[in-house]
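Each remark here refers to the structure printed beneath this line.
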Amino acid sequence: MSAPNPTLSPRALELAQTLVRINTVSANSNLPLIHFVRDELHKLGVRSRLTYNAERTKANLFATLGEGKPAGVILSGHTDTVPWDGQDWSVDPLSAAVRDGKLYGRGSADMKGFIGLALAQAEAFLASDAPFAVHLAFSFDEEVGCFGVRELIADLRDAGVKPLACIVGEPTSMIPAIAHKGVYRYKCCVRGKEAHSSLTPQSVNAIEMAARVVGKLRDMAEGFEREEPRFDGFDVPFSTASVGQFHGGIADNVVPRDAEFRYEFRDLPTADARAMQEQVLAHARSLEPAMKKVAPEAGFRFETICEIPSFLGSADDPVTRLAQRLAGERRTTLVAFGTEAGLFKQAGIPTVVCGPGSIVQAHQPDEYVSLEQLARCEQFLRGLAAAREVG
(Lines give C-alpha, C1' and ligand atoms only; values in the text may rest on other atoms or scores of the structure.)
Protein backbone atom coordinates (compact mmCIF):
# COMPACT_ATOMS: atom_id res chain seq x y z
CA MET A 1 0.00 0.00 0.00
CA SER A 2 1.10 3.56 -0.62
CA ALA A 3 2.51 5.73 2.13
CA PRO A 4 -0.16 7.91 3.75
CA ASN A 5 1.54 11.22 3.02
CA PRO A 6 4.03 10.99 0.16
CA THR A 7 6.10 14.08 -0.54
CA LEU A 8 6.56 15.54 -4.02
CA SER A 9 10.18 16.00 -5.05
CA PRO A 10 11.32 19.51 -6.06
CA ARG A 11 12.56 18.18 -9.41
CA ALA A 12 9.18 16.69 -10.31
CA LEU A 13 7.38 19.91 -9.41
CA GLU A 14 9.91 21.96 -11.38
CA LEU A 15 9.39 19.89 -14.52
CA ALA A 16 5.60 19.97 -14.19
CA GLN A 17 5.71 23.75 -13.84
CA THR A 18 8.02 24.11 -16.83
CA LEU A 19 5.60 22.15 -19.04
CA VAL A 20 2.55 24.09 -17.85
CA ARG A 21 4.32 27.35 -18.78
CA ILE A 22 4.65 26.23 -22.42
CA ASN A 23 1.54 27.19 -24.39
CA THR A 24 0.46 24.04 -26.23
CA VAL A 25 -3.18 24.85 -26.92
CA SER A 26 -4.15 22.51 -29.76
CA ALA A 27 -4.24 25.39 -32.27
CA ASN A 28 -0.53 26.00 -31.59
CA SER A 29 2.63 23.99 -32.21
CA ASN A 30 3.70 21.63 -29.44
CA LEU A 31 7.31 21.55 -30.63
CA PRO A 32 8.70 23.78 -27.85
CA LEU A 33 7.49 21.23 -25.30
CA ILE A 34 8.56 18.21 -27.35
CA HIS A 35 12.01 19.68 -27.91
CA PHE A 36 12.35 20.42 -24.20
CA VAL A 37 11.55 16.80 -23.33
CA ARG A 38 13.85 15.53 -26.09
CA ASP A 39 16.72 17.67 -24.80
CA GLU A 40 16.22 16.57 -21.20
CA LEU A 41 16.33 12.93 -22.30
CA HIS A 42 19.37 13.59 -24.49
CA LYS A 43 21.27 14.75 -21.39
CA LEU A 44 20.76 11.21 -20.08
CA GLY A 45 21.92 9.65 -23.33
CA VAL A 46 18.39 8.69 -24.41
CA ARG A 47 17.41 8.97 -28.07
CA SER A 48 13.87 10.14 -28.88
CA ARG A 49 11.81 9.15 -31.92
CA LEU A 50 9.70 12.03 -33.24
CA THR A 51 6.76 11.56 -35.61
CA TYR A 52 5.35 14.74 -37.16
CA ASN A 53 2.08 15.99 -38.56
CA ALA A 54 1.94 16.73 -42.29
CA GLU A 55 2.98 20.36 -41.76
CA ARG A 56 5.79 19.37 -39.37
CA THR A 57 4.47 21.90 -36.87
CA LYS A 58 3.66 19.25 -34.27
CA ALA A 59 5.26 16.01 -33.16
CA ASN A 60 4.84 12.95 -31.02
CA LEU A 61 7.77 11.77 -28.92
CA PHE A 62 8.62 8.16 -28.16
CA ALA A 63 11.62 7.21 -26.06
CA THR A 64 12.78 3.96 -24.49
CA LEU A 65 14.38 3.94 -21.06
CA GLY A 66 16.10 0.59 -20.81
CA GLU A 67 17.15 -0.23 -24.38
CA GLY A 68 17.91 -3.90 -24.85
CA LYS A 69 15.28 -5.22 -22.46
CA PRO A 70 12.80 -7.55 -24.16
CA ALA A 71 9.71 -5.33 -23.91
CA GLY A 72 8.43 -2.28 -22.10
CA VAL A 73 5.57 -0.51 -20.38
CA ILE A 74 4.34 2.67 -22.08
CA LEU A 75 3.66 5.79 -20.04
CA SER A 76 1.32 7.75 -22.31
CA GLY A 77 0.37 11.42 -22.18
CA HIS A 78 -0.88 14.08 -24.57
CA THR A 79 0.94 17.37 -24.80
CA ASP A 80 -1.86 19.62 -26.12
CA THR A 81 -4.38 21.51 -24.02
CA VAL A 82 -7.74 23.12 -24.54
CA PRO A 83 -7.82 26.94 -24.77
CA TRP A 84 -8.91 29.30 -21.99
CA ASP A 85 -10.50 32.09 -24.07
CA GLY A 86 -13.41 33.71 -22.25
CA GLN A 87 -12.81 31.85 -19.00
CA ASP A 88 -12.57 33.75 -15.72
CA TRP A 89 -9.16 32.82 -14.30
CA SER A 90 -7.81 34.28 -11.05
CA VAL A 91 -4.23 33.37 -12.08
CA ASP A 92 -2.35 33.48 -15.36
CA PRO A 93 -3.15 30.16 -17.10
CA LEU A 94 0.54 29.82 -17.97
CA SER A 95 1.88 30.84 -14.59
CA ALA A 96 2.14 27.36 -13.07
CA ALA A 97 1.47 29.05 -9.74
CA VAL A 98 1.60 26.97 -6.57
CA ARG A 99 -0.65 27.98 -3.71
CA ASP A 100 -2.64 26.20 -1.03
CA GLY A 101 -1.12 22.85 -1.97
CA LYS A 102 -2.18 23.06 -5.62
CA LEU A 103 -0.41 23.55 -8.95
CA TYR A 104 -2.50 25.88 -11.11
CA GLY A 105 -2.43 26.34 -14.85
CA ARG A 106 -3.86 25.06 -18.11
CA GLY A 107 -2.88 21.45 -18.49
CA SER A 108 -1.78 21.02 -14.88
CA ALA A 109 -4.30 18.20 -14.40
CA ASP A 110 -4.84 17.36 -18.08
CA MET A 111 -2.11 16.21 -18.32
CA LYS A 112 1.24 17.95 -18.02
CA GLY A 113 1.56 17.05 -14.37
CA PHE A 114 1.80 13.39 -15.32
CA ILE A 115 4.23 14.06 -18.17
CA GLY A 116 6.49 16.10 -15.89
CA LEU A 117 6.51 13.34 -13.28
CA ALA A 118 7.33 10.68 -15.87
CA LEU A 119 10.21 12.79 -17.18
CA ALA A 120 11.46 13.35 -13.62
CA GLN A 121 11.75 9.57 -13.16
CA ALA A 122 13.73 9.02 -16.37
CA GLU A 123 17.01 8.54 -14.55
CA ALA A 124 15.43 6.03 -12.15
CA PHE A 125 13.94 4.09 -15.08
CA LEU A 126 17.36 3.96 -16.73
CA ALA A 127 18.97 2.63 -13.54
CA SER A 128 16.15 0.17 -12.86
CA ASP A 129 16.76 -3.56 -12.52
CA ALA A 130 13.18 -4.21 -13.69
CA PRO A 131 13.00 -6.90 -16.41
CA PHE A 132 11.13 -4.52 -18.71
CA ALA A 133 11.90 -1.13 -20.23
CA VAL A 134 9.76 1.98 -19.76
CA HIS A 135 8.61 3.81 -22.88
CA LEU A 136 7.61 7.47 -22.81
CA ALA A 137 4.92 8.22 -25.43
CA PHE A 138 3.82 11.85 -25.64
CA SER A 139 1.37 12.81 -28.38
CA PHE A 140 -0.13 15.84 -30.11
CA ASP A 141 -3.76 16.76 -30.88
CA GLU A 142 -5.47 14.47 -28.40
CA GLU A 143 -7.92 17.20 -27.41
CA VAL A 144 -9.19 17.64 -30.97
CA GLY A 145 -9.59 13.99 -31.90
CA CYS A 146 -6.67 11.78 -30.75
CA PHE A 147 -4.96 12.40 -34.09
CA GLY A 148 -1.29 12.36 -33.09
CA VAL A 149 -1.26 9.07 -31.24
CA ARG A 150 -2.43 7.23 -34.36
CA GLU A 151 0.84 8.24 -36.05
CA LEU A 152 2.79 7.24 -32.96
CA ILE A 153 1.19 3.78 -32.81
CA ALA A 154 1.74 3.26 -36.55
CA ASP A 155 5.40 4.19 -36.12
CA LEU A 156 5.82 1.66 -33.30
CA ARG A 157 4.25 -1.03 -35.45
CA ASP A 158 6.51 -0.20 -38.40
CA ALA A 159 9.56 -0.21 -36.11
CA GLY A 160 8.63 -3.59 -34.65
CA VAL A 161 8.19 -2.23 -31.11
CA LYS A 162 5.83 -4.52 -29.16
CA PRO A 163 5.13 -3.09 -25.69
CA LEU A 164 3.93 -5.25 -22.82
CA ALA A 165 1.36 -2.74 -21.61
CA CYS A 166 0.34 0.91 -21.54
CA ILE A 167 -0.57 3.25 -18.69
CA VAL A 168 -2.40 6.36 -19.88
CA GLY A 169 -1.86 9.07 -17.26
CA GLU A 170 -5.15 10.96 -17.62
CA PRO A 171 -6.54 12.35 -14.35
CA THR A 172 -8.34 9.55 -12.48
CA SER A 173 -7.41 10.59 -8.91
CA MET A 174 -4.89 7.71 -9.08
CA ILE A 175 -7.67 5.10 -9.24
CA PRO A 176 -7.08 2.74 -12.18
CA ALA A 177 -9.82 3.13 -14.80
CA ILE A 178 -10.73 0.13 -16.94
CA ALA A 179 -13.37 1.56 -19.30
CA HIS A 180 -14.63 4.69 -20.98
CA LYS A 181 -17.08 5.56 -23.74
CA GLY A 182 -16.09 6.41 -27.27
CA VAL A 183 -16.51 9.83 -28.86
CA TYR A 184 -17.63 9.96 -32.50
CA ARG A 185 -18.29 13.41 -34.00
CA TYR A 186 -19.62 14.26 -37.45
CA LYS A 187 -20.66 17.25 -39.52
CA CYS A 188 -23.71 17.18 -41.78
CA CYS A 189 -23.91 19.70 -44.63
CA VAL A 190 -27.28 20.07 -46.37
CA ARG A 191 -27.67 21.63 -49.82
CA GLY A 192 -31.18 22.72 -50.78
CA LYS A 193 -32.54 25.25 -53.28
CA GLU A 194 -33.24 28.84 -52.33
CA ALA A 195 -36.38 30.77 -53.30
CA HIS A 196 -38.48 33.67 -52.09
CA SER A 197 -40.36 32.50 -49.05
CA SER A 198 -43.67 33.09 -50.88
CA LEU A 199 -42.66 30.40 -53.40
CA THR A 200 -41.80 27.51 -51.12
CA PRO A 201 -42.99 24.74 -53.51
CA GLN A 202 -40.17 25.82 -55.86
CA SER A 203 -37.53 25.37 -53.16
CA VAL A 204 -35.83 22.79 -50.98
CA ASN A 205 -35.52 24.12 -47.45
CA ALA A 206 -32.11 23.02 -46.18
CA ILE A 207 -32.94 23.84 -42.56
CA GLU A 208 -36.11 21.76 -42.64
CA MET A 209 -34.30 18.80 -44.22
CA ALA A 210 -31.52 19.11 -41.64
CA ALA A 211 -34.14 19.21 -38.91
CA ARG A 212 -35.48 15.85 -40.04
CA VAL A 213 -32.05 14.31 -39.50
CA VAL A 214 -31.70 16.10 -36.17
CA GLY A 215 -35.07 14.58 -35.23
CA LYS A 216 -33.72 11.15 -36.14
CA LEU A 217 -30.76 11.72 -33.82
CA ARG A 218 -33.10 12.68 -31.02
CA ASP A 219 -35.20 9.56 -31.61
CA MET A 220 -32.04 7.46 -31.48
CA ALA A 221 -30.94 9.09 -28.22
CA GLU A 222 -34.30 8.37 -26.63
CA GLY A 223 -34.08 4.80 -27.89
CA PHE A 224 -30.67 4.32 -26.27
CA GLU A 225 -32.01 5.59 -22.97
CA ARG A 226 -35.13 3.45 -23.20
CA GLU A 227 -33.78 0.20 -24.63
CA GLU A 228 -29.99 -0.16 -24.40
CA PRO A 229 -28.65 -2.64 -21.83
CA ARG A 230 -27.13 -0.69 -18.93
CA PHE A 231 -23.39 -0.62 -18.22
CA ASP A 232 -23.16 -0.10 -14.49
CA GLY A 233 -20.45 2.24 -13.29
CA PHE A 234 -20.92 5.04 -15.80
CA ASP A 235 -22.65 8.26 -14.69
CA VAL A 236 -24.84 7.83 -17.78
CA PRO A 237 -25.02 4.03 -18.18
CA PHE A 238 -26.20 4.03 -21.81
CA SER A 239 -24.99 5.51 -25.10
CA THR A 240 -25.93 9.08 -25.98
CA ALA A 241 -26.41 11.20 -29.09
CA SER A 242 -26.55 14.97 -29.19
CA VAL A 243 -26.39 17.91 -31.59
CA GLY A 244 -23.88 20.57 -30.58
CA GLN A 245 -24.03 23.19 -33.35
CA PHE A 246 -26.55 24.22 -36.02
CA HIS A 247 -26.17 26.94 -38.67
CA GLY A 248 -28.36 27.90 -41.59
CA GLY A 249 -30.31 30.59 -43.41
CA ILE A 250 -29.63 34.18 -44.40
CA ALA A 251 -32.98 35.98 -43.97
CA ASP A 252 -36.54 35.42 -42.80
CA ASN A 253 -37.98 35.71 -46.31
CA VAL A 254 -35.43 33.51 -48.13
CA VAL A 255 -35.88 29.75 -48.14
CA PRO A 256 -32.41 28.61 -47.02
CA ARG A 257 -30.20 26.85 -49.53
CA ASP A 258 -27.63 25.68 -46.96
CA ALA A 259 -27.62 24.32 -43.45
CA GLU A 260 -24.97 22.63 -41.36
CA PHE A 261 -24.96 20.91 -38.00
CA ARG A 262 -22.54 18.90 -35.88
CA TYR A 263 -23.42 15.98 -33.67
CA GLU A 264 -21.79 13.26 -31.63
CA PHE A 265 -22.30 9.77 -30.29
CA ARG A 266 -20.79 8.66 -27.00
CA ASP A 267 -21.08 4.92 -27.19
CA LEU A 268 -20.72 2.34 -24.46
CA PRO A 269 -17.84 -0.10 -24.90
CA THR A 270 -20.50 -2.71 -25.66
CA ALA A 271 -22.18 -0.61 -28.40
CA ASP A 272 -21.31 0.11 -32.05
CA ALA A 273 -20.97 3.79 -32.91
CA ARG A 274 -20.38 3.13 -36.59
CA ALA A 275 -23.69 1.26 -36.80
CA MET A 276 -25.28 4.31 -35.18
CA GLN A 277 -23.80 6.55 -37.85
CA GLU A 278 -25.04 4.21 -40.58
CA GLN A 279 -28.58 4.71 -39.28
CA VAL A 280 -28.17 8.47 -39.72
CA LEU A 281 -26.77 8.06 -43.23
CA ALA A 282 -29.62 5.75 -44.21
CA HIS A 283 -32.20 8.22 -42.94
CA ALA A 284 -30.59 11.05 -44.89
CA ARG A 285 -30.51 8.94 -48.06
CA SER A 286 -34.23 8.25 -47.69
CA LEU A 287 -34.91 12.00 -47.81
CA GLU A 288 -32.85 12.75 -50.89
CA PRO A 289 -35.16 11.51 -53.69
CA ALA A 290 -37.85 14.09 -52.84
CA MET A 291 -35.21 16.82 -52.56
CA LYS A 292 -33.62 15.95 -55.91
CA LYS A 293 -37.02 15.92 -57.62
CA VAL A 294 -37.10 19.70 -57.05
CA ALA A 295 -33.36 20.35 -57.36
CA PRO A 296 -31.00 17.64 -58.65
CA GLU A 297 -28.08 19.25 -56.81
CA ALA A 298 -29.81 18.99 -53.43
CA GLY A 299 -28.72 16.43 -50.86
CA PHE A 300 -26.65 15.61 -47.79
CA ARG A 301 -22.90 15.47 -47.27
CA PHE A 302 -21.27 14.10 -44.14
CA GLU A 303 -17.78 14.69 -42.77
CA THR A 304 -16.02 12.87 -39.95
CA ILE A 305 -14.64 15.20 -37.29
CA CYS A 306 -13.20 12.53 -35.01
CA GLU A 307 -13.66 8.90 -34.11
CA ILE A 308 -12.23 8.05 -30.70
CA PRO A 309 -12.97 4.43 -29.84
CA SER A 310 -14.33 3.38 -26.50
CA PHE A 311 -12.04 1.53 -24.11
CA LEU A 312 -12.74 -1.66 -22.22
CA GLY A 313 -10.04 -3.25 -20.13
CA SER A 314 -10.45 -5.62 -17.22
CA ALA A 315 -9.78 -5.72 -13.51
CA ASP A 316 -8.03 -9.02 -14.22
CA ASP A 317 -5.56 -7.60 -16.75
CA PRO A 318 -1.97 -7.76 -15.46
CA VAL A 319 -1.49 -4.05 -16.20
CA THR A 320 -4.57 -3.22 -14.12
CA ARG A 321 -3.26 -5.28 -11.22
CA LEU A 322 0.10 -3.55 -11.59
CA ALA A 323 -1.54 -0.12 -11.49
CA GLN A 324 -3.59 -1.08 -8.45
CA ARG A 325 -0.50 -2.30 -6.63
CA LEU A 326 1.55 0.78 -7.49
CA ALA A 327 -1.29 3.16 -6.58
CA GLY A 328 -2.16 1.30 -3.38
CA GLU A 329 -5.75 0.96 -4.63
CA ARG A 330 -8.01 -2.06 -4.48
CA ARG A 331 -10.66 -0.24 -6.50
CA THR A 332 -11.02 0.29 -10.20
CA THR A 333 -13.25 2.88 -11.84
CA LEU A 334 -14.86 3.89 -15.12
CA VAL A 335 -14.46 7.39 -16.55
CA ALA A 336 -16.86 9.46 -18.61
CA PHE A 337 -14.26 11.19 -20.78
CA GLY A 338 -12.46 9.85 -23.83
CA THR A 339 -8.75 9.04 -23.90
CA GLU A 340 -6.16 7.45 -26.17
CA ALA A 341 -6.57 4.14 -24.28
CA GLY A 342 -8.95 2.64 -26.83
CA LEU A 343 -6.44 3.18 -29.64
CA PHE A 344 -3.65 1.48 -27.70
CA LYS A 345 -6.03 -1.39 -26.88
CA GLN A 346 -7.03 -1.69 -30.55
CA ALA A 347 -3.32 -1.99 -31.35
CA GLY A 348 -3.17 -5.07 -29.12
CA ILE A 349 -1.52 -3.37 -26.14
CA PRO A 350 -3.11 -4.12 -22.73
CA THR A 351 -3.98 -0.72 -21.27
CA VAL A 352 -5.18 1.00 -18.13
CA VAL A 353 -5.88 4.68 -17.41
CA CYS A 354 -4.40 6.04 -14.19
CA GLY A 355 -3.08 9.49 -13.39
CA PRO A 356 -3.04 12.36 -10.90
CA GLY A 357 -5.81 14.89 -10.42
CA SER A 358 -9.47 14.97 -11.29
CA ILE A 359 -11.19 15.52 -14.62
CA VAL A 360 -13.52 17.84 -12.70
CA GLN A 361 -10.71 20.41 -12.66
CA ALA A 362 -9.67 19.85 -16.29
CA HIS A 363 -10.79 22.36 -18.95
CA GLN A 364 -12.04 24.68 -16.20
CA PRO A 365 -10.92 28.18 -15.18
CA ASP A 366 -8.21 27.90 -12.52
CA GLU A 367 -7.45 24.32 -13.54
CA TYR A 368 -5.26 22.69 -10.91
CA VAL A 369 -3.83 19.44 -9.64
CA SER A 370 -3.09 18.99 -5.96
CA LEU A 371 0.50 18.45 -4.87
CA GLU A 372 -0.75 15.46 -2.90
CA GLN A 373 -2.00 13.82 -6.11
CA LEU A 374 1.28 14.57 -7.85
CA ALA A 375 3.17 13.06 -4.94
CA ARG A 376 1.02 9.92 -5.10
CA CYS A 377 1.75 9.64 -8.81
CA GLU A 378 5.47 10.14 -8.26
CA GLN A 379 5.41 7.31 -5.73
CA PHE A 380 3.51 5.20 -8.29
CA LEU A 381 6.23 5.82 -10.89
CA ARG A 382 9.03 5.10 -8.41
CA GLY A 383 7.28 1.82 -7.73
CA LEU A 384 7.21 1.07 -11.45
CA ALA A 385 10.99 1.53 -11.58
CA ALA A 386 11.33 -1.06 -8.80
CA ALA A 387 8.72 -3.52 -10.13
CA ARG A 388 9.81 -7.07 -10.83
CA GLU A 389 6.96 -7.97 -13.19
CA VAL A 390 3.85 -6.61 -14.93
CA GLY A 391 0.86 -7.98 -13.06
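The values are calculated or read from the model by the stated rules, or taken from the named source; none is laboratory data. As the structure is a prediction and not an experimental result, all values here were calculated from the model. Here the Cβ is made from the backbone with ideal geometry for all residues, glycine too, and neighbour counts use every protein chain on show. Just so you know, the surface numbers come from the protein's heavy atoms only, side chains and all, with ligands and any DNA or RNA stripped out. Shrake-Rupley method; radii C 1.70, N 1.55, O 1.52, S 1.80 Å.
Worth a mention:
- Flag for S90 being outside any loop (DSSP other than H, G, I, E, B), over 20 Å from N30 (Cα atoms) and either out of contact with any helix residue (DSSP H, G or I) (no Cβ under 9 Å at 6 or more places or on another chain) or not basic (K, R) (or both): no
- Failed condition for A336, given (1) surrounded by fewer than 18 Cβ atoms within 10 Å (Cβ to Cβ); (2) in contact with a strand residue (DSSP E or B) (Cβ under 9 Å, 6 or more places away or on another chain); (3) modelled with pLDDT of 95 or more: (3)
- Pairing each residue of segment 260-271 that is closer than 8 Å to G244 by Cα with any residue that is among the charged types (D, E, K, R), provided the two are 6+ apart or on different chains, yields C-beta distances under 8 Å for F261/K187; R262/R185; R262/K187; Y263/R185; E264/R185.
- Here segment 252-287 is the region considered, the condition is being in a loop (DSSP other than H, G, I, E, B) and open to solvent by 60 Å² or more (accessible area, probe 1.4 Å), and the residue that is nearest to A336 (Cα to Cα) is T270.
- Test: residue in segment 238-251 that is within 19 Å of R191 (Cβ to Cβ), in contact with a helix residue (DSSP H, G or I) (Cβ under 8 Å, 6 or more places away or on another chain) and open to solvent by less than 30 Å² (accessible area, probe 1.4 Å): no
- Members of segment 50-67 that are farther than 14 Å from F140 by Cβ and open to solvent by 30 Å² or more (accessible area, probe 1.4 Å): E67
- Test result for L268, at pLDDT 95 or above, in contact with a strand residue (DSSP E or B) (Cβ under 8 Å, 6 or more places away or on another chain), among the aliphatic types (A, V, I, L, M) and on the phi < 0 side of the Ramachandran plot: no
- Tally of residues being within 22 Å of S314 (Cβ to Cβ), open to solvent by less than 10 Å² (accessible area, probe 1.4 Å) and either in contact with a His (Cβ under 7 Å, 6 or more places away or on another chain) or acidic (D, E) (or both) across segment 133-171: 1
Condition check ((1) of a type in the set (K, R); (2) open to solvent by less than 50 Å² (accessible area, probe 1.4 Å); (3) in contact (Cβ under 8 Å) with a residue 60 or more places away in the chain) across all residues:
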position	(1), (2), (3)
A179	no, yes, yes
K193	yes, no, yes
N205	no, yes, no
M209	no, yes, yes
F224	no, yes, no
E228	no, yes, no
D235	no, no, yes
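- A search for C-beta distances below 6 Å between a residue of segment 307-326 that is at positive phi and any residue that is surrounded by fewer than 18 Cβ atoms within 10 Å (Cβ to Cβ) and in a strand (DSSP E or B), counting only pairs 6+ apart in sequence or on different chains, returns nothing.
- Members of segment 289-325 that are part of a helix (DSSP H, G or I) and open to solvent by 40 Å² or more (accessible area, probe 1.4 Å): P289, A290, K292, K293, V294, P318, R321, R325
- Top-ranked residue of segment 65-90 - restricted to ones that are over 23 Å from the mean Cα position of the chain (by Cα) and at pLDDT 95 or above, ranked as farthest from D39 (Cα to Cα): D88
- Residue within segment 363-371 that is in a strand (DSSP E or B), open to solvent by 10 Å² or more (accessible area, probe 1.4 Å), among the hydroxyl-bearing types (S, T, Y) and in contact with a Lys or Arg (Cβ under 9 Å, 6 or more places away or on another chain) present: yes
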